[in-house]
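Data block below; observations after.
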Number of protein chains: 2
Amino acid sequence: MKISMHAMSVDLFVHTLSNLSAVLEKGIAHAKERKFEPAVLLASRLAPDMFPLTRQVQIAGDIAKNAVSRLAGQDPPRFEDTEATFEELHARIARTIDYLKSIPASAFEGAETRDIKIKAGDRSLEFKGLQFLQQWAIPNVLFHATTAYDILRHNGVHLGKRDFLGN
Amino acid sequence: MKISMHAMSVDLFVHTLSNLSAVLEKGIAHAKERKFEPAVLLASRLAPDMFPLTRQVQIAGDIAKNAVSRLAGQDPPRFEDTEATFEELHARIARTIDYLKSIPASAFEGAETRDIKIKAGDRSLEFKGLQFLQQWAIPNVLFHATTAYDILRHNGVHLGKRDFLGN
């Protein structure tokens, strides 16, 4: 057990996304119990100009996928944003996790000093790999995973932080 | 620039907490603009059985403080939860950041394999240092910082993810 760019990106994101799947599962269970259409939750938002649940889940996975690709010096696969059901979101998360796990730890050699440039809206940002992981990738993935949780929690889904953190 | 337990805990949490202060600042500005008592925001929640904003901020800082102490093999200082204003929350965050920065990087030597036991509610959890950082400390601090942001955003405060991620 040794700290590495691989451990702090792939392992952390696989854990986060696995827990996010479990959190979504509780959303489905809640909709069934209350007998409403689960898609209502997928379209829920915390503010009119924030993204709804579906998009939060897509973005959490995409940032993980794209950030890990950049750190490993690979071209990320592109996933179309077509999910319309919880089942499809689960499949999207599973596909993202498979991709993250497919990158060998050896690809992260020297990743902490790699130059990384990204476009964020109208900005062009430049990082060294370590700073990119600390200040961009990790907070960004966890921001969207938490917001997905918060949307469900705000809508009455039975969740506790334990679901978010996993076991 | 090298990856280390210190870089992935102290540096990451100082960044997160500094951005959280900037996010809170926008909450004050919004209350002033709309001419309502800022304390209304401090007591806001996303669900009746979730913690309000003040507590989210206190917990984000406390988890950072306590996790870093454990990783560095130190006893964390205890901060009383007495904050009733935004100004006091800012001071609490500043005090937490000062503490985080006071721990020398050398105290984290071998932190990745350190045995860490914590109590979480009715559970007793055991980790190795690296796993504690990946699965407990980082997601937990970011969970509360994001939820603080989400509470403000839900209440109409003018915020974007850029405020959360910082520059």
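Pick from segment A:150-161 the residues that are assigned to a helix (DSSP H, G or I) and facing chain B (nearest Cβ under 8 Å): which of them is farthest from A:G61 (Cα to Cα)?
Per the criteria, the residue is A:H154.
Restricting attention to segment B:20-39, does a residue exist that is β-branched (V, I, T) and closer than 18 Å to B:P104 by Cβ?
no
If a residue must be surrounded by fewer than 18 Cβ atoms within 10 Å (Cβ to Cβ) and either closer than 20 Å to A:L142 by Cα or in contact with a Lys or Arg (Cβ under 6 Å, 6 or more places away or on another chain) (or both), how many such residues does segment B:72-98 contain?
Here the count works out to 1.
Yes or no, residue by residue, for (1) away from chain A (no Cβ under 14 Å); (2) acidic (D, E); (3) within 14 Å of B:V157 (Cα to Cα):
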{"position": "B:S9", "(1), (2), (3)": "no, no, no"}
{"position": "B:S18", "(1), (2), (3)": "no, no, no"}
{"position": "B:A22", "(1), (2), (3)": "no, no, yes"}
{"position": "B:E25", "(1), (2), (3)": "yes, yes, yes"}
{"position": "B:E33", "(1), (2), (3)": "yes, yes, yes"}
{"position": "B:F36", "(1), (2), (3)": "yes, no, yes"}
{"position": "B:V40", "(1), (2), (3)": "yes, no, yes"}
{"position": "B:A43", "(1), (2), (3)": "yes, no, no"}
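Out of the residues in segment A:120-146 that are surrounded by fewer than 14 Cβ atoms within 10 Å (Cβ to Cβ) and closer than 18 Å to A:Q58 by Cβ, which is farthest from the chain's Cα centre (by Cα)?
Checking each candidate, the answer is A:G121.
In segment B:33-71, what residues are assigned to a loop (DSSP other than H, G, I, E, B) and surrounded by 14 or more Cβ atoms within 10 Å (Cβ to Cβ)?
B:P38, B:S44, B:R45, B:L46, B:A47, B:M50, B:F51, B:P52
Of the residues in segment B:72-100, how many are over 27 Å from B:L125 (Cα atoms), touching a residue at least 12 places away in the same chain (Cβ under 8 Å) and in a helix (DSSP H, G or I)?
Final tally of qualifying residues: 6.
Please enumerate the residues belonging to segment B:104-130 that are more than 30 Å from B:L53 (Cβ to Cβ) and either in a helix (DSSP H, G or I) or in contact (Cβ under 8 Å) with a residue 40 or more places away in the chain (or both).
If the condition is that a residue be more than 30 Å from B:L53 (Cβ to Cβ) and either in a helix (DSSP H, G or I) or in contact (Cβ under 8 Å) with a residue 40 or more places away in the chain (or both), then B:A105, B:S106, B:A107, B:F108, B:A111, B:E112, B:T113, B:R114, B:G129, B:L130 are the ones that fit.
List pairs: first residue in segment A:19-31 and over 15 Å from A:A94 (Cβ atoms), second residue in a helix (DSSP H, G or I) anywhere in the structure, Cβ distance under 6 angstrom, at least six positions apart or on different chains.
A:G27/A:L41; A:G27/A:L152; A:I28/A:F86
Since every read-out is calculated from the coordinates, none of them should be taken as a lab result. Here the structure is a predicted model, which is why all the values come from computation and not from measurement. Every residue, glycine as well, gets a Cβ built from its backbone with ideal geometry; the counts of neighbours run over all protein chains shown.
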